[in-house]
1. With r as the distance between the Cβ atoms of Arg155 and Leu327 and R0 = 56 Å, compute the FRET efficiency 1/(1 + (r/R0)^6) and round to 0.05.
2. Tell me which of Thr270, Val118, Cys128 sits at the most positive position along the dipole axis of region 97-302, charges placed on C-beta atoms (Lys, Arg +1; Asp, Glu -1).
3. Take the residue pairs Lys361/Lys428; Lys124/Lys215; Lys245/Lys303; Lys77/Lys428 and return only those whose Cα atoms are more than 28 Å apart.
4. Among His315, His429, what is the fewest-to-most ranking by other Cβ atoms within 10 Å?
5. State the extension gain, in nm to one decimal, for the chain segment bounded by Arg54 and Ile388, taking 0.36 nm per residue of separation less the distance between their alpha-carbons.
6. Provide the gained length on full extension for the span Leu133 to Gln108, in nm with one decimal, where the gain is 0.36 nm per separating residue minus the Cα-Cα distance.
7. From a point 7 Å beyond the Cα of Thr218 in the direction of its Cβ, which residues of region 128-167 have a backbone N at a distance under 12 Å?
8. Using Stokes-Einstein with the Kirkwood hydrodynamic radius over Cα pairs, what translational diffusion coefficient do you get for region 97-302 at 4 °C and a viscosity of 1.567 mPa s, in µm²/s rounded to a whole number?
Amino acid sequence: MDFINFYLRRRMSTAAMCVHFMVYVTYLIILTVLAMQYVTVSFDGWETGEHIRRMLDDGYLNMGPEPKSLYASVTWKDLAETWEFWEWMRADEGLMNLFSPDAQIPSQNLVLGGLLRVTQLRVKPEACDVPQLPMFLYFTEELGFAFHSAPCYPRWSSAAEDTEERSPITRCAAEYVAMLAPNLTSQINDTEKWLPKLYNKSITGWEHWPSPTGKEYTVPGYFGRYPVGQGYTFLLYSTIERGVKAYLDCLEQNDWIDSQTRFVSLQFVTYRPGTAIWTWHTYFLEFLPTGVMYAESREYAFKYNAKEGTYYGLHLSLLFFGTYLSLLWAVRAWPNWGQPLKAVATKEYWLRVPAHFTFGKAFQLLHLIFLWITWANQEALWDLSDSIGQVPDPDTPDGGYSNGAILGLLMSTTVQISEFAVSEHDFKHLLATLIVISYLRTYEFARLSRRMELVVQTLRASVSAILALGVAVSLVVFSYSVAAYVMYSGTHYEFVEFGRAISTMGMVIVAQPGIELFCGEPTCEGRWQTFL
């Protein structure tokens, strides 16, 4: 009888583990399908971002009449001087590519609100004492001597950010008004209809604007992460080309970019009706204290995944599996709940916990932490998407909206979509990490569990070493491939085909670090491009 009881317990235990394994495989399928919802932009998203990026990145500077010199082909990422940035802003093949009467650019991309938002981040000067030594003397015009002295400006950091109002330039304000309404007076206070003051501030570039959403979201640069929802801001309208170059000339001549500048960004949002794809574009410059300037761009394409239908069902399924795995981990981590509770009362708890923890349980806990963080971030994304585009109450006596209210709505919506794009892109990295850990958890479960007899026997029945290695490599390659496909979907680092992602990631894992893709463009034919 004892043997029968032992046999039944062992068979039931094995059957339960196999059932649990099947449940976990179902969880992996649900997670993978959920992840694929975030790569629905696929090639269309990459094509949208890539087309606009090429249209602007490859735009050359205005270098005078034909024949143009060799330097006429300077592109966005080749910019190295401030004057080149202003030239690119005025160039017909640069920023002016975005201007059209109907706020539409090639490939049926609509510029949301026709708004082009330019922001600048600045730092405060800090104490910078030059040693009072003879070697730091210099001649003055009167042939006397004086010591060198100059302010110092640190690298970018939130603590060093300058938010003080800059002295507005009257001529630049007049140029801005003339750009919007050339037949009106140049006095800014008389043109509220055309130049509304939101948050009691002007939008001509000389006053610091907080993020309309009240949150700080950042993009990565070469030397740090920069908030793109705030800063000294001015707006350009892609439907109004008149007077733009004169206004930009005024900003350049009055040093809108100076020694305190650390970051300048051009941001806009496009929408492609045929595919329902949104793309947030930002072109930015980083400035170092040494005066070096770096140019970079980011394009994030995405679709709104509504909190409804099949997608919401998948999300609820993930909630169910998270609860199930959490309870299972708790039961396995502390099989006898009375002893830990008693240990807490006797202050022996911290001595007993390590005995219950193994590498497998610690890895499972890490997996659960990422699972719940991912789920919570998904909820936060939905909350953010629900707040986008909310129409304010009418603000005119006839129940309509003033130009200021409409402009405020468009600005707020543009910034909110930008925030959503950045948040969703960061969420993809989190989701990709969860995918990798989940698939590695499968291998860890089959490899370390002593009760997975059916799986172990199956492996041993064949060429166990080769098969085990193949299963392990396949799981790792597949998980990293799914992760990479999710992570880079919608950006210009797109895996166009899923099969290509798997083969590329397999080559990387086996052969070399980093991810390299073959470049088929005429400018780099026959070479490999490393982008990680």
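1. The pair Leu327/Arg155 has a calculated efficiency of 0.70.
2. Thr270
3. In this structure, Lys245/Lys303 exceed 28 Å between Cα atoms.
4. By the 10 Å Cβ count, ascending, the order reads His429, His315.
5. Here the segment from Arg54 to Ile388 would lengthen by 117.4 nm.
6. 2.5 nm
7. Backbone N within reach: 156-160.
8. The calculation lands on 67 µm²/s.
Read-outs: derived from the displayed coordinates by stated rules, not from any lab. Please read all numbers here as calculations on a predicted model, not as lab measurements. Quick reminder, even Gly has a Cβ in these numbers, built from the backbone with ideal geometry, and neighbours come from all protein chains shown.
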